[in-house]
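The values are calculated or read from the model by the stated rules, or taken from the named source; none is laboratory data. Note that this is a predicted model, so its numbers are computed, not measured. Every residue, glycine as well, gets a Cβ built from its backbone with ideal geometry; the counts of neighbours run over all protein chains shown.
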Amino acid sequence: MYRSATDLALDFSWRLAGASTPVDLESSASEWLSRTLGVDYAGFTDLRRASMWTVRLRLHPRDRMTSAAETAVNALLREEGIAGYPLFTHYLRQPADRAPRRTSDLVSDRNWTRTRTYEVLKPVGGRRVLALLVGTRAGGLDAFMASRSGRDFSDDAMDVARAVQPVLVAAHHLVRGPRISAVAAERARLTPAESQIVALLTAGLTAEAIARVRRVSPRTVHKQLEHLYAKLGLHDRLQVAAYARRTGLVEEPAPP
């Protein structure tokens, strides 16, 4: 049995509080997911398409098996594309569905274990795979994956995934999303808290998600937004995002 969703989300928030870089976030989140869900491996997956599909796997624990799996997955992607990866395919074809999913939600166990994809993921617990989507874009997606070779993820485990996913999405956007220009922020007379809110708004986070990142109540965030709108002479989050990009207040990160 797991603790309540609220307790888990709070614990996860505190665990990720010190993560200021993508590497910090990937490590902290993967360790927490691995321990809490009781899996063989957990980690960050970065799927992109340029001239061909490529994936970056950062699994915990990091060992020779994970390095070999990353090489094998990329070799298979070059041969077959993403057709053999039900989780990748699902999220790219169904962009409105951002909920955590198991491979067993999308394909029967019998069919899954007959695929070449399963064979290359088997050494890292690929029989059972759970995905927590944290971001999508044209030609790619970012997700945290958890895998294990034993029993499937229970409904309780899925409740855990749903509880912590908003925290993970918010943290992901915070470390990978738009950065605030210190010069532009000073020119706009923004406080550090207001600057962080602008960055998170521009990354597409809701007030509730921002509250989780900043560990304050949604009511507090709504009050801060009202003050921010008044200071900038704007009326809603969309105007703030447009203003931030137009004035150079946010600096989009370079692809990793």
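Table: residues versus (1) exposed (fewer than 14 other Cβ atoms within 10 Å of the Cβ); (2) of a type outside the set (Gly, Ala, Ser); (3) touching a Phe, Trp or Tyr at 6+ places or on another chain (Cβ under 6 Å); (4) within 28 Å of Ala69 (Cα to Cα).
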site	(1), (2), (3), (4)
Met158	no, yes, no, yes
Ala184	no, no, no, no
Ile197	no, yes, no, no
Leu201	no, yes, no, no
Ala241	no, no, no, no
Open item on the list: Tell me the residue from Tyr85, Tyr91 that is surrounded by 16 or more Cβ atoms within 10 Å (Cβ to Cβ), touching a Ser or Thr at 6+ places or on another chain (Cβ under 6 Å), on the phi < 0 side of the Ramachandran plot and in contact (Cβ under 8 Å) with a residue 24 or more places away in the chain, please.
Closed with: Tyr85
Task: Top-ranked residue in the stretch 15-37 [being within 21 Å of Arg148 (Cβ to Cβ) and among the hydroxyl-bearing types (Ser, Thr, Tyr); ranked as farthest from the chain's Cα centre (by Cα)] - done: Thr36
Open item on the list: Report every pair of residues separated by at least 6 positions or lying on different chains whose Cβ atoms are under 7 Å apart, first residue within the stretch 162-187 and not assigned by TED's automatic domain parsing to the domain that holds Trp14, second at pLDDT 80 or above and among the acidic types (Asp, Glu).
Closed with: His172/Asp142
TODO: Give the residues of the stretch 129-156 that are touching a Phe, Trp or Tyr at 6+ places or on another chain (Cβ under 6 Å) and buried (at least 16 other Cβ atoms within 10 Å of the Cβ), sorted by residue number.
DONE: Leu130, Leu132, Leu133, Leu141, Phe144, Ser147
Open item on the list: Of all residues being of a type outside the set (S, T, N, Q), under 27 Å from Glu80 (Cβ atoms) and in a loop (DSSP other than H, G, I, E, B) in the stretch 20-56, which is modelled with the lowest pLDDT? Just the residue, please.
Closed with: Ala50
TODO: Filter the stretch 102-140 for residues that are in a strand (DSSP E or B) and either modelled with pLDDT under 90 or over 17 Å from Pro86 (Cβ atoms) (or both) and give the result.
DONE: Val134, Gly135, Thr136, Arg137, Gly140
Open item on the list: Let me confirm something: among Ala29, Ala69, Ala19, which residue is crowded, with 18+ Cβ neighbours inside 10 Å, over 21 Å from Arg127 (Cβ atoms), touching a strand residue (DSSP E or B) at 6+ places or on another chain (Cβ under 7 Å) and of a type in the set (Gly, Ala, Ser)?
Closed with: Ala29
Task: Residues of the stretch 110-163 classified as among the acidic types (Asp, Glu) and closer than 18 Å to Ala72 by Cα, total - done: 1
